[in-house]
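*Asks:* For reference, the structure I am asking about is given below.
What follows draws every value from the coordinates through simple rules; no lab data is involved. Bear in mind that the values here come from a model prediction, so they are computed numbers and not experimental data. We place every Cβ from the backbone using ideal geometry, glycine too, and count neighbours over all the protein chains shown.
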Amino acid sequence: MTIPIIELRNVHKTYSTVAGDFPALKDINLSVNTGEFLGVVGKSGAGKSTLLNMINGVDGLSSGEVLVYANGQRVSVHDLNEDEKALWRGRTMGVVYQSFQLLPMLSLIENITLPMDLAGNFKPRESRERAMELLRLVELEEHAGKLPAFVSGGQQQRVAIARALANDPDILVADEPTGSLDSVTADHIFDVFSHLVADRGKTIVMVTHDMGLKSRFTRYLTITDGELEPPSVEDSKPKRSRKK
Amino acid sequence: MTTMPDKRKAPRQTTPKAAPQRVSDASLEAIIEMRGIIKRFSNAAGEFTVLKGVDLMINRGEFVSIVGKSGSGKSTLLNMITGIDHPSEGQVIVNHNDIYTDVSESARSKWRGKNLGIVFQFFQLLPMLTLLENVMLPMDYVDMYDFDERPKRAMELLKLVGLEKFANKLPVLVSTGQQQLAAIARAMACDPPLLIADEPTGNLDTRSADTIIEIFEHFVEQGKTIVMVTHDPSLTSRTHRNIIISDGELIDETISRGLPQLRHRHMLEFTKIAERRLYQPQETIVSRDEKLDHFYIIRKGEVEIVLQKQRSKETILSRLGADEFFGEAELVRGGKSIANVRAGKTPVEVVAIPRADFNRVMDESPITVDAISKIVQKRLQEHRMADPRKR
């Protein structure tokens, strides 16, 4: 039996603007299982980033509930106060964005040790060893001492992924992580994600506008005007049927 | 009881990790001094030189923009100042300290934390930290200010950039303009004397860009020095100094200010061939009816254009100051000087470009010829004077 790790129940998010209320998410019900690599595909403005912000509690919801079962705890994310949420998020979820946001004056390894040092979960020597292990995971250990300016965009994004994994979260959420990378480099990022899911038991939720990526997920949904839709029948056919 | 073998190693021989050292002959006014900076890169295609002997002095309190085409070396130049990259040859002195000679990477990193604020085009805020926490980060990193004082100081900086309401928000919940403002607040967290910005407004709308320049101006008023690489002409017009880099070399600032319409490659050509000349007060620079063989731009001091009519007193037709030029009409026309030109009451420094080179570039640059004639017309009108030979 599959175990849900994230559950969204009747989630609504409405933004008030000068032009009136704008419903960004409409009655979202979603269950994500442990070990899934879930893709949510939709156009710009469809509600993708808002959905991620509901899951990691970065933005508040208008009604509904988000439950996350991780670290042996069941947490109703939006019942936590800001401080509790930040602490919980730091332990439970890694985030990866389109722009890599590495600190330019710190070496790659320092960029990874930083969140560990901030969280204080590891001793300095441990955090360095762990950062090195994460760099090995994304195949960048020989560049550990370099500053971000001296590695490629794809390599910087791999460092950002390693950094997101620094505190060993069960869940990774990614907002267009390959949006500014060429297709070959993007492939490499997907390889890293697939490895994290298959071999490390991580759960990943990624949003993208790129329909071409849907075959890379273990499951995908589309989002249109704030509503989730299952894939069409055509798209649900087995993808890699063997030639007879 | 068994004894474990002693796994402790002999004390490691460590090389001294020297912090940047004070340079005895460093200029007192300068906060940045670059001396003969050469930067070479090697790649599969071979070795190429990105900076070809850069000498640059930036004084305390200056607001400086650096412009140049893509690939001209401007980001490399900035990386030499921030210590993100290191020169192949030459010396970089920042705040009187040589930041490269015998300085380890980690010592430079600590030094940088206290002496430099850096702002980039993409704001590099940590996504999992609030704006306030992002601003506190450098204070934690270099261990400046008391632990309890840090949030207060970070809040003051956020207030300064108008973001106190958003202090506890994560970067993803504020606009890109606000993210850049937070990045600026973070750059100033340890109160560095020098702020380095690489295309700080490159990713923003004009209104946000304007706010950022206003904040930069505020820091400059407080005595900070700001060096900024930018593409945006509306920003360069608001800085004290605009340095142009072309093909790895700096353009003489007198030439770029005097002839802003020239292409960068022509400015660079003039920079290389121009002679620097110094004249004492009242010394003649060009005599009337002398064949003009140079085009002059004034670097320093004031020049008097004097008409000496026969048996009458001399008339000063015009006075020209820094960045103004003379000798143009005659050169373009191929004639002789129409008046005497002499140094004013203080010594005068000029940049002199040989006639043949000046004419050749003018032939290639009708826009400049046009601009020069407009400037001359305007100048003549301003001084309510006409060419005496046309009278």
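*Asks:* All other residues with a Cβ under 15 Å from the Cβ of A:Glu142 taken together, and with Lys, Arg as +1 and Asp, Glu as -1, what is their net charge?
*Replies:* For residues surrounding A:Glu142, the net value is 0.
*Asks:* So in chain A, what percent of DSSP beta bridges are antiparallel if you round to the nearest 5?
*Replies:* 55
*Asks:* Ignoring solvent entirely, what values of log10 I(q)/I(0) come out of the Debye formula for the range A:112-226 at 0.12, 0.16 Å⁻¹ when each Cα is a single scatterer?
*Replies:* With one equal scatterer per Cα and no solvent, log10 I(q)/I(0) is -0.46, -0.78.
*Asks:* Okay, moving on. Taking the Cβ of each residue in B:Lys300, B:Lys110 as the centre, tally the other Cβ atoms inside 10 Å and list the residues starting with the fewest.
*Replies:* Ranked by crowding around the Cβ, least crowded first: B:Lys300, B:Lys110.
*Asks:* Here is a follow-up. What does the charge add up to near B:Glu33, with Lys and Arg as +1, Asp and Glu as -1, over the other residues with Cβ less than 12 Å from its Cβ?
*Replies:* Residues near B:Glu33 contribute -2 overall.
*Asks:* Okay, moving on. Let me know the charge dipole size of the range A:15-89 about its Cα centre in debye, to the nearest 20, where only the beta-carbon of Lys, Arg (+1) and Asp, Glu (-1) is charged.
*Replies:* It comes to approximately 280 debye.
*Asks:* Gain in length, A:Glu126 to A:Ser63, computed as 0.36 nm per residue apart minus the alpha-carbon separation, to one decimal in nm?
*Replies:* Stretched fully, the A:Glu126-A:Ser63 segment lengthens by 18.5 nm.
*Asks:* Evaluate E = 1/(1 + (r/R0)^6) for A:Thr218 and B:Gln377, where r is the Cβ-Cβ distance and R0 equals 56 Å; express this FRET efficiency to the nearest 0.05.
*Replies:* 0.15
*Asks:* Run the numbers for B:Glu283 and B:Phe147: contour at 0.36 nm per residue of separation, minus the present Cα-Cα distance, in nm.
*Replies:* 42.6 nm
*Asks:* With point charges of +1 on the Cβ of Lys and Arg and -1 on the Cβ of Asp and Glu, referenced to the Cα centre of chain B, which listed residue (B:Pro281, B:Ile93, B:Ala19) lies farthest in the positive direction of the dipole?
*Replies:* Result: B:Pro281, furthest along the dipole toward the positive end.
*Asks:* If R₀ is 51 angstrom, what is the calculated FRET efficiency for the pair B:Glu314 and B:Arg265, using the beta carbon separation as r and rounding to 0.05?
*Replies:* Efficiency, rounded to the nearest 0.05: 0.80.
*Asks:* Then there's this: Given 10 °C and 1.306 mPa s, how large is the Stokes-Einstein diffusion coefficient of chain B in µm²/s, with Rh as the Kirkwood radius over Cα pairs?
*Replies:* Answer from the Stokes-Einstein relation: 65 µm²/s.
*Asks:* Please find the FRET efficiency linking B:His218 to B:Ala18, where r is the Cβ-Cβ separation and R0 is fixed at 35 Å, and quote it to the nearest 0.05.
*Replies:* 0.45
*Asks:* Also, I was wondering about something else. Could you tell me the relative contact order of the range A:6-225? Use alpha-carbon pairs under 8 Å, at least six residues apart, and round to a whole percent.
*Replies:* 31
*Asks:* I've got another one for you. Suppose every Lys and Arg Cβ carries +1 and every Asp and Glu Cβ carries -1, with no other charges. What dipole size does the range A:6-225 come out with about its Cα centre, to the nearest 20 debye?
*Replies:* For the range A:6-225, the charge dipole is close to 120 debye.
*Asks:* Also, I was wondering about something else. Using +1 on the beta carbon of Lys and Arg, -1 on that of Asp and Glu, and nothing else charged, what's the dipole of the protein assembly as shown about the Cα centre, debye to 20?
*Replies:* 1160
*Asks:* At 10 °C and 1.306 mPa s, grab the translational diffusion coefficient of the range A:6-225 from Stokes-Einstein with a Kirkwood Rh over Cα pairs, rounded to a whole number in µm² per second.
*Replies:* It comes out at roughly 88 µm²/s.
*Asks:* Against the longest principal axis of chain A, how steep is helix A:183-200, in degrees 0 to 90 to the nearest 10, with axes from Cα atoms?
*Replies:* For A:183-200 against chain A, the angle is about 90 degrees.
*Asks:* In what sequence do B:Lys159, B:Lys313, B:Lys169 fall when counting other Cβ within 10 Å, fewest first?
*Replies:* B:Lys313, B:Lys159, B:Lys169
*Asks:* Using alpha carbons only, how many angstrom separate the centre of the range A:158-196 from the centre of the range B:151-221?
*Replies:* Cα centroid of the range A:158-196 versus Cα centroid of the range B:151-221: 29 Å apart.
*Asks:* Another one. Give me B:Ile273, B:Ile99, A:Ile204 ranked fewest to most by other Cβ atoms within 10 Å of their Cβ, as a rough exposure proxy.
*Replies:* If I rank by nearby Cβ atoms, fewest first, I get B:Ile273, A:Ile204, B:Ile99.
*Asks:* Within the set of other residues whose C-beta is less than 15 Å from the C-beta of B:Asp205, count the net charge using Lys and Arg as +1 and Asp and Glu as -1.
*Replies:* Neighbourhood net charge equals -3.
*Asks:* Here's a follow-up. So which GluC sites (Glu not before Pro) in the range B:133-200 are both in a DSSP loop and have at most 12 other Cβ atoms within 10 Å of their Cβ?
*Replies:* Here the sparse-neighbourhood loop sites are B:Glu149.
*Asks:* Now for a different question. Once you place label points 7 Å from the Cα toward the Cβ at B:Thr206 and A:Asp21, how far apart are they in nm?
*Replies:* Rounded to a tenth, the inter-label distance reads 3.8 nm.
*Asks:* Still on this structure, please answer the following. Among all the aspartates and glutamates, which ones have a C-alpha under 12 Å from A:Lys146's C-alpha, if same-chain residues fewer than 8 places away are not counted?
*Replies:* Output for A:Lys146: A:Glu110, B:Asp85, B:Glu105.
*Asks:* So what is the calculated 222 nm ellipticity per residue for chain B, using -39500 (n - 2.57) for each DSSP H run with n of 4 or more, over all residues, to the nearest 500 deg cm²/dmol?
*Replies:* Calculated from helices alone, the mean residue ellipticity at 222 nm is -9500 deg cm²/dmol.
*Asks:* Still on this structure, please answer the following. Report, in listed order, any pair from A:Lys48/B:Lys169; A:Lys48/A:Lys85; A:Lys48/A:Lys214; B:Lys152/B:Lys224; A:Lys123/B:Lys159 with a Cα-Cα distance greater than 26 Å.
*Replies:* In this structure, A:Lys123/B:Lys159 lie more than 26 Å apart at Cα.
*Asks:* Moving to a separate point now. Quick check: pseudo-label points 7 Å beyond the Cα along Cα→Cβ at B:Arg276 and B:Asn59, how many nm apart are they?
*Replies:* 1.5
*Asks:* With an 8 Å cut-off on Cα pairs and a minimum separation of 6 or more residues, tell me the relative contact order of chain B in percent.
*Replies:* 15
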